[in-house]
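Step one of this worksheet: look at the structure below.
What follows is calculated from the coordinates using simple rules that are stated; it is not laboratory data. Keep in mind that what you see is a predicted model, and the values were worked out from it rather than measured. Glycine gets a Cβ as well: all are built from the backbone with ideal geometry, and neighbour counts include every protein chain shown.
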Amino acid sequence: MRRVIFSLLVALTAGPDLLYASDNSVETKVCDDFVLWGPEELSFSSSELHLLCGDTKARDWQKIPRSQALFHLKTFLQTRGYYYPEEVPNSGKLLEVRLGLPTLVTALDLQQMPKDVESWTATEFNGERLTPDLLKTISEKVTHRLGAIGYGCPELETEANPKTGRVLVALKSGKRQNLVSVHTEEVKELAPGTLRRYDAFVLGDTFNAPLLPLTASRAVNDGIVRNTYFNVKCETGGVHAEQKVLPGKPRQVTIGFGLNTDRGLSARASWKHSRLGALGSQVALTATISYKGNQFHSQQFESEGKWYFLNEPSRLHFQPRLILRRQSDNRLDVVGGEISFAPASTWDTQKVGWAASVGPNLRGERTLRGEGRRQTFFLSLVGNVSVMSHDFEWQRSEPRTGYEWTSTLALNRKGFLADYTASSWQTRFTHLWALSRQSRRQFIMGVRAGLATTFVRDEEGGLSNLTISLRHFLGGAGNLRGFGFQELPGPTGALTSFFSSAELRSTGLLPWDLQPYVFVDAGTVSARSLDVTGDWFTSPGFGLRWPSPIGVFRLSGAHGFALGSHPTPDPRSHWQVHFTYGEEF
Amino acid sequence: MKLLRRILLGLLKALGATLALAIALLAIVFFFPGILIQDATLPWAKRVIRALDADVQWRQGHWSAQSVSFWRKRLTLELDAPCYRQADPSVEACLHRVALAATYDLRHGKLLVERLEVPGGKITMEGGGAKPAKEEPPAAFEPLREVHQVRSLLASLDWNQIRVENVAFLLSTADTAVRAQANIIGTTEGPARDLRATAEGRLSSGGRRTPLLARVRLRGKDDGPLDYVIGGYWGDTKQRISADIKGTLTDQSLQGEINAAMANPTNGILNVRATTCRFDWKQANGGPADITLDCPLSTQLSPGLAGVSLNRIFRAEGMDKPIGAKLSAHVTLPDGDFEKAEGNVQLSAADFRTTSLEAQLTASLDVGVKTEPLKAELRLTAPDFSALVRRLQSSPYAVPAPFNQLDGRVSLTVKGRSDLTLQQTALEFSVDSDLTSDFQKLAFSGSGRVGIRPENKKSRIDFEADVAFGDTKLSLPRLDPTRLPQLLPDPNIVYPTRGPQSNDTVFHYRVTVRAGAEHPIILHSNQLNLDVPLELDLLVQDGAGLSGSLKIPKFKADLFRRDATVRRVVITFPKEGAAELSARVDIHYAEYDLTLQAFGALDAPRYTITSNPPLSENSALSLLLFGRPLEELSPGQGESLGNARAALTNGAISAASMYLLASTPIESIGYDPAAGRFQATVRLVEGTSLRIESAKEGVTQLGIRKRLGRDWVLNTYVERTSLLEDRRSVSTFLEWSKTY
């Protein structure tokens, strides 16, 4: 049994290439009198079969001579990485071909490239099957890389040696240039320049190709236009971009139903106007009803908008927001709402995007059942700052590199439309690095840390006086994965929570794009404000990430340990399994 | 004085007496040669020979001489184990015994060998290698003179019985050795003499041993014509040559008949036979030689190294049967100097017919013509193309589909002139076809020339051809447009060559291919049951690549789910730069007429869409791709429309992808401008869709959206539910949405 498990582990960690036999023992029956012997069974498309075996439904293509079938086979085998098939000599009608072994890429030789591309380790494709498609991919990746360092229109020449597996990519023409102009197609309802508020690039700076689609995706995700894209043209003075726009209709009604991981069964109706006025202000109304049996149900109405109030296109705007909700679960039954009105803006450099807002937030809650105050009014001055590197933003669905920092500070004082004083600060930082890449195998190192604290006055009741949203917890897939969701410190929560995590994830190690990872989380919670001297907890563990076609699944197992002088074994130490959908590190 | 006179007189007398004595002795020896030649003088003879620096030894011997008549003297000689040795070149001839009885006629200078017996022995001759020969002017080629020298020798020699048997001889040089057993038998029957010589052994050269047999027989009278027979055999299991020449030699002529056969003289030829090949060499004393040759030949071809499958075809086609030919020549050779020869040599092959091929070959050599004296003409016809297809079906040279369904006639004619070394050759060829099947036609004619000439110590080959298509219609394979297979090897994958490439030949080519408007090539799409006309005007030239144009004139087709008219498709291959596309398609809708135009690089063309009455580009594209106006598009279709427009204007949609969009219902279109990658989801059959391409990078939206229909989407959101905590929730919603 141990041997079987060991063999399985070796096969899995060696990658898919070793999962097939290393000899020519597997039969592929192409057609009645056409057989292939190779290390794996191949499948051919109907079009390929028509050219290999003939097509009874096509005039004059019923009979394919043996030599022609062999010619087509050799071409088709190129697309599967086989370059040296051999016909098995026999005197019968049966055509037998030994495939040999597929050619794998052994080296990528970059020539006449700028130094920053030449210094690319270029081992990314080693071990991959050499196919025409892979050559195209390599060419695209090199083009993409050149595009990111100023080469708007590079022309490449690619050549591969199927005997040695060596791939040569040479830059034939193109040079590093700046992005000197952006011309945007006119949108009837919008003032010229309105779409520039989504720019991830800096005009006049070195051309960076990925920043153009990032800019376009920001505009599309914001809903101001249905679709937009950039064309680039290289001239002697620099790169000129032309932004094409498909505005689409500005108003959208959506009705849907589905499942939410927290709220259970949900139904939602929304209305959005994405181009109010010439500067593209927006407003959205959303009503959501959720039901999770007797355990949880909620109703919520939310209205939010972006009001670009200046006379000229600008990034500065107001963010008005109104939320009305009722939430019931087995601990609480709360009716409440909040209203906020914050000026906000964004900035971008060539590397980083910034966003900040600051403004009042008035929150009112009435607790119908559960702990805490029965009724609360709470006016805060809330400030948000977030910094996100462009690569982090661009690869958000497949995080590999970059960083993000968000920080929120909420200030209030009893007497200023607040029933008690409870200022809070929450900040969180995540950084990812792509470590050296060998073939499809790559390690991604990530660290994250978060601090959340609430400042209260003991004379006003301290922690026990706070609503649940101002108390802090640890545990769950988002921080300490060795503990259950919000398990720490207990039902009462804490005034301070701090955690940090390190995770090492590998891609390309296992088949079917399964990505194993190991991690260690550590954190502390304290009943005092801005205090990290409370009980510390740690949770080493491991997990598996699967970027499925319908979203990312993560399964992790970790053991939570309580550190310090607690009785051994500490009753809070235990194994915890988390299964999440759509969440990332 | 007197004394002196006496002395002189005395000397004179003594000299006279000595002379008289010598004459008397000579007379005695002349009449009684046995006095001098007898066994007692044999050791003395050995000393004399040695004194002459000749190394001749024998164990014991007998000799005697008799005077048969005044003029005829008879000698008998018997030597046991005689040996003759020579240093340079090394010669050693040791015989078992020599017995000779011969009479010499002093008056006529003629030797009669009454009996010569050599019962065995060994002769070894070794050469140290070829010495550099002095440059000497080539001797005149006068074979009759050489033959007459032999005849003169034979005229002075007569024999009754010669019997030389089992004499082994070894002749060797640095790289060649001949070992043979020789026999010479000479007899006389009445006035006719007969001399037969045979040598049988083997030749070793270059590590290869081949058997060797040579026979010579001469018969004739003293003054009459001499009949000769010369035969020989050389060869092994790979190559063999055997020849028999017999004829008559007179004072003024050499006539003869050759029967010869060569097996495997070269790859591709199994054998060549010459049967009753007659030659006549006439030459009066000192006059010019008049040579005639009339030589029937036959040869058998072999498939050579082409493999087992071609062997089968050879036999099935009857190509292994003998091919008849005739070699005839009439040449005048003044002064035996070939440089001054004049005349003609002609080779004409009998018509060669197999089940599927007919061939005629004639070749001639104009003797005396300095430039390109060699002329040849080959006509090759496949009168029954389908038979040729059947024959080649299982060979490496099988006719590919769809041409293997054609039947009719294909012919090739090649005419050429060359010098004798074949280094300067000019060939002209023409080819034409008239092939048909139930559904296809292929008619084309072509002509061209091939020139071979030396240039800068290399051989330069110039190839030119013009091909013009006539009435031609060809079927295309039924290929799924959504999954077009790779039809040609990727040119970016370069197989390493084995060993250094020979660059002794410089190859230049220039080929034009034309299919004019009056005879366009009709391509029938089995997939769409559609005939597409194609006009070609292409030039392929070394160093310049492909140039010219490929045109598809107006035809009707079902495109974008509408009746469309392809007004024109022109692909231009400029002499420099990438191929360019120019195309126009008109699509008729109830209220609009759309025109889709493509232009620019073939692999990344740009498209424009115009309409009548005018529509915005977005509306026109909406109508084209989704068959409905922009206002009626769902949000997903609107997004696809934008992506399509991005890809269209960015040149990311190849002509093949556009054809796919035109022929298949579209579900969605995506475009990643950073990677330049176009992606489309097309509906294959109801309920089944196919994603053509996918972009892995640059998905910026957190969450995933799957379009299920025109207005329905499966949406997955990831939300942060709290500002103060990093708490996220994930929702998956089936949504209906409408924009207005």
* Structure fact -> Across 10 Å bins beginning at 0, the whole-percent shares of Cα-Cα pair distances in the protein assembly as shown come to 1, 6, 11, 14, 13, 10, 9, 7, 6, 6, 5, 4, 3, 2, 2, 1, 0, 0, 0, 0
* Please list the radius of gyration and Dmax for segment B:293-391, considering alpha-carbon atoms only, with Å as the unit. => 17.8, 58
* To do: Mind putting together the pair-distance distribution for chain A? All Cα pairs, 10 Å bins, whole percent per bin, short to long.
  => 3, 12, 19, 22, 19, 14, 8, 3, 1, 0, 0
* Quickly work out the residue A:267-to-residue B:168 label distance, labels modelled 7 Å from Cα along the C-beta direction, and quote it in nm with one decimal. => 11.8
* So how do A:421-427, A:337-343, B:543-549 stack up, highest first, on mean other-Cβ count within 10 Å? -> A:421-427, A:337-343, B:543-549
* In whole angstrom, how long is each semi-axis of the equivalent ellipsoid of segment A:197-266, when you take the square root of 5 times every eigenvalue of its Cα gyration tensor and sort them from largest down? -> 35, 15, 8
* Please report the base-10 log of the normalised intensity I(q)/I(0) for segment A:124-265, using a Debye sum with one equal scatterer per alpha carbon and no solvent, at each q in 0.10, 0.12, 0.13, 0.16 (1/Å). => -0.52, -0.68, -0.74, -0.90
* Residue mean of other protein chain beta carbons inside 10 Å, B:616-628 -> 1
* Treat each spin label as a single point 7 Å out from the Cα along the C-beta direction, and report the residue A:94 to residue B:421 distance in nm. => 5.5
* **Peptide-level mean, for A:76-82, of C-beta atoms on other protein chains within 10 Å** => 2
* Working from the pairwise distances between different alpha carbons, so that the mean of 1/r is found and then inverted, what is segment A:208-360's Kirkwood radius in Å? -> 18.3
* Cβ-Cβ FRET estimate between residue A:29 and residue B:359, R0 fixed at 45 Å, reported to 0.05 -> 0.60
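Given R₀ = 60 Å, FRET efficiency for residue B:13-residue B:80 by Cβ-Cβ distance, to 0.05?
E between residue B:13 and residue B:80, to the nearest 0.05, is 0.80.
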* Asked: Assuming R0 = 30 Å, what is the FRET efficiency of residue B:276 and residue B:387, from their Cβ-Cβ distance, to the nearest 0.05?
  -> 0.30
* Please identify every one of the chymotrypsin sites (Phe, Trp or Tyr not before Pro) in segment B:558-597 that sits in a loop by DSSP and has no more than 10 other beta carbons within 10 Å of its own beta carbon. => none
* Structure fact -> Each label sits 7 Å from Cα toward the beta-carbon; between residue B:326 and residue A:530 the label points are separated, in nm, by 12.2
* Between residue B:602 and residues 5 or more places away or on another chain, which pairs have amide H atoms under 5 Å apart, with H built 1.01 Å from N, and which residues are they? -> B:579, B:580, B:581
* Structure fact -> Note: segment B:161-295, point scatterers on Cα, Debye, no solvent; log10 I/I(0) at q = 0.13, 0.17, 0.18 Å⁻¹ equals -0.75, -1.08, -1.12
* Structure fact -> Residue by residue through segment B:536-543, the couplings from Karplus 6.51 cos²θ - 1.76 cosθ + 1.60 with θ = phi - 60°, in Hz, x for Gly and Pro, are 10, 8, 10, 10, 10, 9, 5, x
* Structure fact -> For peptide A:403-415, the mean count of other chain Cβ atoms within 10 Å per residue Cβ is 1
* Which of the lysines could a cross-linker bridge to residue B:441, judged by Cα under 16 Å and excluding same-chain residues fewer than eight apart? -> B:473
* Asked: Computed over the Cα atoms of segment B:436-575, what is the ratio Rg over Rh, Rh following Kirkwood?
  -> 1.07
